1. Restricting to the range 29-67, count the residues that are over 17 Å from SER92 (Cα atoms) and either touching a His at 6+ places or on another chain (Cβ under 6 Å) or in contact (Cβ under 8 Å) with a residue 40 or more places away in the chain (or both).
2. Only residues that are β-branched (Val, Ile, Thr), open to solvent by less than 10 Å² (accessible area, probe 1.4 Å) and in a helix (DSSP H, G or I): list them for the range 7-61, please.
3. Looking at the range 62-91, which of its residues are of a type in the set (Val, Ile, Thr) and either farther than 14 Å from ALA15 by Cα or open to solvent by 10 Å² or more (accessible area, probe 1.4 Å) (or both)?
4. Name every residue in the range 62-81 that is of a type in the set (Ser, Thr, Tyr) and assigned to a helix (DSSP H, G or I), in order of residue number.
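The values are calculated or read from the model by the stated rules, or taken from the named source; none is laboratory data. Note that the coordinates shown come from a computational prediction; the quantities given were computed from them, not determined experimentally. Virtual Cβ from ideal backbone geometry, glycine too; neighbours counted across all protein chains shown. Accessible surface areas use protein heavy atoms only, side chains included; no ligands, DNA or RNA. Shrake-Rupley method; radii C 1.70, N 1.55, O 1.52, S 1.80 Å.
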Amino acid sequence: MKFTSFLENGCLTVALTGEIDHHCAKGYIEAIAGKIEAYTPEVCILDFQDVQFIDSSGVAVVINALRSMSQIEGKLILSNLGEQPKKVFRTSGIDRLVEFREVQHEI
């Protein structure tokens with residue numbers, strides 16, 4: 001599990017990398033929740049530009065981030081989704097709950 005994050009103008013961006021599966025999902029869930037709790041951003045962007053693969057564990061990462069943002073009345077955005085992650089999220093119905101954006105800095 002490897003990611004970078006930064007806060008700018010009330011917007012927390014978390015850039016995820018690699019494959020998101022059951023081996024690393026719990027770590028991502030805890031790390032993202034910790035960042036959201038620490039910074040209480042108005043918007044949290046999960047940037048999937050460097051993610052090649054997700055499974056249902058990736059869906060759990062997004063649902064937990066959505067739950068954390070909902071608790072502080074914030075907004076969650078998924079950006080730079082590749083075809084495979086986008087297909088998994090659409091199949092799971094996440095696209096009806098979370099906004100997808102191609103470019104992460106369009107707020």
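1. Count: 4.
2. ILE32, ILE36, VAL61, listed by residue number.
3. Of the range 62-91, the ones of a type in the set (Val, Ile, Thr) are 62-63, 72, 77, 88, 91.
ILE63, ILE72, VAL88, THR91, listed by residue number.
4. SER68, SER70 - these are the residues of the range 62-81 that are of a type in the set (Ser, Thr, Tyr) and assigned to a helix (DSSP H, G or I).
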